[in-house]
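The values are calculated or read from the model by the stated rules, or taken from the named source; none is laboratory data. Please read all numbers here as calculations on a predicted model, not as lab measurements. Because the Cβ atoms are built from the backbone with ideal geometry, glycine has one as well, and the counts that use them run over all protein chains shown. Note: accessible area is taken over every heavy atom of the protein model, side chains too, but ligands, DNA and RNA are not part of it. Shrake-Rupley method; radii C 1.70, N 1.55, O 1.52, S 1.80 Å.
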Amino acid sequence: MDKVIDFINVNRERYLEELKAFLAIPSISALPQHAGDVKHCADWCADEMRRIGMQNVKLVETPGNPVVYGDWLGAPGAPTILFYGHYDVQPVDPLELWESPPFEATIRDGEIYARGSADDKGQVFMHFKAIEAHLKQNGTLPVNMKIILEGEEEVGSVNLDNFIREHKSELGADVVVISDSPMFARGVPSICYGLRGLVYFQIDLRGSNTDLHSGSFGGAVVNPAFALSQILAQMKDRGGRIKIPGFYDDVVALQEEERQAWAALPYNEKQYKKDFGIPKVFGETGYTTLERTWARPTFEVNGLLSGFTGEGAKTVLPAVAMAKVSMRLVPNQTPDKIAELFEAHLRDVTPKTVELKITRMHGGKPWMTSYDNPYVQAAGRAIERGFGRKPVFTREGGSIPVVSTFQEELGLPSVLFGVGLPDENAHAPNEKLDVANFHGGIISSAMLYEEIARR
Ligand code: BES
Ligand code: MN
Ligand code: MN
């Protein structure tokens, strides 16, 4: 193992240069004009996987973006890791808020700034380099390894469940490893044992067949912007509780043990408010901020559009109003059931004066494992060796839809070991990854394979 760690330490600078090349590819899955870049990025990953010594590397076509597959199965009798990550990234708008161009990775104050640095290319690359170090130094890995990289995670993984079902026999493994989440805080490495699920909708209201003069028609014809506001206002009460009938029926209550463990984490609400410019925190009565984001479901308005929003004033009664809304789910809620309850409630509270169109978009199930799972414990030891400190156990408010699919379709547990930071600006301008965490992450990943082999 020492030889592997030495190799990683010696190659530190090279890794950064290579990562910059990966980060230079604008693989934005949400935007059709970047389809070529997404494909190019898949090819880049495949080439890199061949360079580090992975075998049987190929692109598997899906109705959307290809899945990159590769394996190394030279350790008969040893456990098999299925590594999952994503090579697609989020759009970069608003571009003017970036301090350096999103696809020209720039290192400032020990952080590497670029779209995808934390979510998820930098964290995928960590594992590439850990694998490379083992194979270059020892000619072997302590475990068998299968890698799948997805190009549609940021748009809801719509083709991945089918891919997994269709390739069940090739994806057999003992455990899934994923690095696509933040650590709890700077200097506090962590393992994530739960994720929220998601269900996403677009709501369109129409009140007339054209925009109308608000003087001639106002007061006699519905205003869809107003109707939409009233509808949205009926989704949550003032205490942050969601008013959709039946919404909480399947929610698993927080365990007292978890509440105590989380209360002991080094979390500072004053700092949290300061970091993100929040005047006063808001959420469901009776829960702390960590509990609200990790263990309670929520309803959010992701976007609103109606009427005149340009400079100056225009007296108009808009014909249409639109909202994008989503709900984060917790065990044991399911996107299908929550979608039904939401649609029924939405129809119920929508006045007859407007035409309602509901479009269901992507989603995913929540996921949770127990942290005494032996693989989670193995990851804990690896992280301690890589970061010199025992990890804390966290849940996260974000979603990685495929994690529950791995459990349900392949019967596989997942270990989520991430090295991003809460202020990494994922999905926002100036996304960044801490260079020291990246380095510690490579060492921890190399150790993780060994720890998993040992048990
Ligand atoms: N890496 C995130 C998931 C994540 C975020 C995990 C924060 C833990 C903490 C992932 O790339 C992501 O953004 N997921 C989407 C999923 C959606 C598009 C179905 C999300 O959570 O919004
Ligand atoms: Mn991600
Ligand atoms: Mn993301």
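Can you tell me the accessible area per residue over region 9-121, all protein chains present, probe 1.4 angstrom, in square angstrom? Display every interim value, and only then the final one.
Details: 4770 Å² over 113 residues.
Result: 42 Å² of accessible area for each residue.
Taking all protein chains in place and a 1.4 Å probe, what share, in percent, of the accessible surface of region 1-87 do carbon and sulfur account for? Don't skip to the answer; put the middle values down first.
Details: 1970 of 3750 Å².
Answer for region 1-87 is 53 percent, counting heavy atoms of protein chains only.
Hey, what did the chain get for relative contact order, percent, Cα under 8 Å, at least 6 apart? Walk me through the numbers on the way to the answer.
Numbers: 908 pairs, mean separation 116.7, N = 455.
Computed value for the chain: 26 percent relative contact order.
Could you pull the Cα extents of region 346-394 along its three principal axes, largest to smallest, in whole Å?
63, 20, 17
Using a 7 Å offset from Cα along Cα-Cβ at Tyr272, what residues in region 421-452 end up with backbone N under 12 Å from the label point?
Hits in region 421-452 for Tyr272 at 12 Å: none.
In the chain, how does Rg compare with the Kirkwood Rh, expressed as the Rg/Rh ratio over alpha carbon atoms? If you can, show how the numbers build up before the last one.
On the way: Rg = 23.4 Å, Rh = 23.5 Å.
On the Cα set of the chain, Rg over Rh gives 1.00.
Would you work out what percent of the accessible area of region 258-297, with all protein chains in place, is carbon or sulfur (probe 1.4 Å)? Write down the numbers at each step before the final one.
Working: 1410 of 2560 Å².
Exposed carbon and sulfur together represent 55 percent of the surface.
Along Cα→Cβ, 7 Å out, is where each label goes; now give me the distance between the ones at Val10 and Lys58 in nm to one decimal.
In this crude label model, Val10 to Lys58 measures out at 3.6 nm.
Between rounded, prolate and oblate, where does region 256-357 land on the alpha carbon gyration tensor, with a ≥ b ≥ c its root eigenvalues, rounded for a/c under 1.5, else prolate if a/b exceeds b/c? Please list the in-between numbers first.
On the way: a/c = 3.85, a/b = 1.53, b/c = 2.52.
Because a/c hits 1.5 or more and a/b fails to exceed b/c, region 256-357 counts as oblate.
Less than 10 Å Cβ to Cβ from Gly240, Lys/Arg counted +1 and Asp/Glu -1: what total charge do the surrounding residues give?
Values: positive: Lys236, Arg238, Arg241, Arg292, Arg296; negative: Asp237, Glu284.
Once positives and negatives cancel, what remains is +3.
Taking the Cβ of Pro79 as the center, what net charge do the other residues with Cβ under 9 Å away carry, scoring Lys and Arg +1 and Asp and Glu -1?
Computed value for this residue: 0.
Net charge near His34, counting Lys/Arg +1 and Asp/Glu -1 over other residues with Cβ under 12 Å of its Cβ? All intermediate terms of the calculation are to be shown ahead of the outcome.
Working: positive: Lys39, Arg115; negative: Asp37, Asp88, Glu154.
Residues close to His34 contribute a combined charge of -1.
Please compute the alpha carbon radius of gyration of region 283-324, then divide it by the globular-protein estimate 2.2 N^0.38 Å. Two decimals is fine. Write out the running numbers ahead of the final one.
Working: Rg = 17.2 Å, N = 42, 2.2 N^0.38 = 9.1 Å.
Its radius of gyration relative to the 2.2 N^0.38 Å reference: 1.89.
Out of every Cα pair in region 41-188, what percent are spaced more than 24 Å from each other? Numbers along the way, then the final one.
Details: 4029 of 10878 pairs.
Above the 24 Å cut-off, region 41-188 has 37 percent of its Cα pairs.
Based on the inverse mean of 1/r over its pairs of different Cα atoms, what is the Kirkwood hydrodynamic radius of region 162-277, in Å? Mind showing how you got there, number by number?
Working: mean 1/r = 0.0481 Å⁻¹.
The Cα-based Kirkwood calculation yields 20.8 Å.
Hey, what number do you get for the chain at 222 nm if only DSSP H runs of n ≥ 4 count, each worth -39500 (n - 2.57), divided across all residues, to the nearest 500?
Values: 14 runs with 157 residues, N = 455.
Mean residue ellipticity at 222 nm (helix-derived): -10500 deg cm²/dmol.
Compute from the Cα atoms of region 298-414 the Rg and the Dmax, the latter being the longest Cα-Cα distance, and quote both in angstrom.
That works out to 21.5, 65 Å for Rg and Dmax.
Roughly how large, in nm² to one decimal, is the mean projection of the convex hull of the alpha-carbon atoms in region 95-176?
8.1
Please report the antiparallel percentage of the DSSP beta bridges confined to the chain, to the nearest 5. Please report the intermediate quantities before stating the final value.
Details: 50 of 71 bridges.
The antiparallel proportion sits near 70 percent.
Per residue of region 214-222, in order, report the coupling 6.51 cos²θ - 1.76 cosθ + 1.60 (Karplus, θ = phi - 60°) as ³J(HN,Hα) in whole Hz, putting x for Gly and Pro.
For region 214-222, the Karplus-derived couplings read 6, x, 6, 10, x, x, 10, 10, 4 Hz, x marking Gly and Pro.
Calculate one ³J(HN,Hα) per residue across region 145-159 by plugging θ = phi - 60° into the Karplus curve 6.51 cos²θ - 1.76 cosθ + 1.60, and present them in order as whole Hz with x for glycine and proline.
Taking θ as phi minus 60°, the curve returns 9, 10, 10, 10, 10, 9, x, 9, 4, 6, 10, x, 6, 5, 9 Hz for region 145-159.
Taking a threshold of 18 Å on the Cα-Cα distance, which of the pairs Lys146/Lys168; Lys39/Lys121; Lys20/Lys432; Lys168/Lys337; Lys280/Lys432 fall above it? Show your work: numbers first, answer last.
Working: Lys146/Lys168 13 Å; Lys39/Lys121 15 Å; Lys20/Lys432 12 Å; Lys168/Lys337 26 Å; Lys280/Lys432 26 Å.
Table pairs above 18 Å Cα-Cα are Lys168/Lys337; Lys280/Lys432.
Calculate, in whole percent, how much of the Cα-Cα pair population of region 23-67 lies beyond 13 Å. Spell out each step's value before the answer.
Details: 552 of 990 pairs.
Counting pairs separated by more than 13 Å, the tail of P(r) holds 56 percent.
Given the C-alpha centroids of region 270-306 and region 377-411, what is the distance between them in whole angstrom?
Taking the Cα centre of each part, region 270-306 and region 377-411 sit 24 Å apart.
Report ³J(HN,Hα) in whole Hz for each residue of region 368-375, in order, from the Karplus equation J = 6.51 cos²θ - 1.76 cosθ + 1.60 where θ = phi - 60°; Gly and Pro get x.
7, 10, 8, 7, 8, 3, x, 6
Over region 1-87, what lengths in whole Å, largest first, do the semi-axes of the equivalent ellipsoid take, defined as the square roots of 5 times the eigenvalues of the alpha-carbon gyration tensor?
27, 20, 9
For a test of the definition: using alpha carbon positions, the gyration tensor, and the 1.5 limit on a/c, classify region 145-209 as rounded, prolate or oblate. All intermediate terms of the calculation are to be shown ahead of the outcome.
Values: a/c = 3.34, a/b = 1.39, b/c = 2.41.
Oblate, because a/c is 1.5 or more while a/b does not exceed b/c.
Run through region 267-316 and list the GluC sites (Glu not before Pro) located in a DSSP loop whose Cβ has at most 10 other Cβ atoms within 10 Å.
Details: sites: Glu269, Glu284, Glu291, Glu300, Glu311; in loops: Glu284, Glu311.
Filter output for region 267-316: Glu311.
Testing the spin-label approximation: label points 7 Å from Cα along Cα→Cβ at Ile358 and Ile107. State their distance in nm.
About 5.2 nm, to one decimal.
In angstroms, what radius of gyration and Dmax does region 361-455 have, counting Cα atoms only?
Spelled out, the Cα radius of gyration and Dmax of region 361-455 are 14.6, 43 Å.
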